[in-house]
Ligand SMILES: NC(=O)c1ccc[n+]([C@@H]2O[C@H](COP(=O)([O-])OP(=O)(O)OC[C@H]3O[C@@H](n4cnc5c(N)ncnc54)[C@H](OP(=O)(O)O)[C@@H]3O)[C@@H](O)[C@H]2O)c1
């Protein structure tokens, strides 16, 4: 068994983002469990190829926890999970819409200071995630987080069909969020539509740093 396939992933939320991530990773042979709310009967989720458990159960057994739930629910759920997140790699795909930061890095740091924080999958619209090639070009999946997680996170991003591009460490969550603001401005305010995507172009000598 490879290190990648032995990494246990919990995806919290099975909507536009979480559902696609879980299905693609399962199709790539990864060990994925979807965490749904306790009051949801297992099997009533439309995800036949992916195991479904309650959120606390899915988190307890996971090495990597992906948050793909509404931003408004993030602070409460992170607080509820608290120390059970310690030592895990958390991937924050949720966007908190309001006056403050769109990421939940501070909430994770408060609830579980030993968490390893990654910001990813938040700056690509779900229409692009569903079909990551736009006009013949593969969309980039921007992320930030610990350097020693590059192979794992880059692999997860590549498995869903995006080209992984790291934007530094966890402290750069607001840099990734800047690309979300750029995407939102292009897609919505400037009227280019939700299939717009961002891509880095560069000289070949610098390309492929993450194997995407
Ligand atoms: N849509 C996009 O284009 C896009 C792109 C990038 C990032 N995002 C971000 O990704 C996140 C998910 O977006 P989405 O479009 O996938 O939303 P969605 O389709 O509405 O799905 C949300 C999922 O979260 C679950 N959920 C809601 N509250 C929960 C809670 N308190 N505990 C556990 N699970 C809960 C929902 O389950 P129930 O059925 O039980 O409510 C549902 O499975 C959001 O933060 C959004 O900002 C979205």
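Here are the numbers for the structure shown:
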quantity: Candidates 151, 205, filtered to the one that is away from the ligand (no atom under 16 Å from the Cβ), at negative phi, within 17 Å of the chain's Cα centre (by Cα) and part of a helix (DSSP H, G or I); calculated: 151
quantity: Selection within the stretch 159-181 - out of contact with any helix residue (DSSP H, G or I) (no Cβ under 9 Å at 6 or more places or on another chain) and surrounded by fewer than 17 Cβ atoms within 10 Å (Cβ to Cβ); calculated: 175, 178, 181
quantity: Qualifying position, being within 11 Å of the ligand (Cβ to nearest atom) and either at pLDDT 95 or above or out of contact with any strand residue (DSSP E or B) (no Cβ under 9 Å at 6 or more places or on another chain) (or both), among 65, 96, 52; calculated: 96
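The values are calculated or read from the model by the stated rules, or taken from the named source; none is laboratory data. Note that the coordinates shown come from a computational prediction; the quantities given were computed from them, not determined experimentally. Virtual Cβ from ideal backbone geometry, glycine too; neighbours counted across all protein chains shown.
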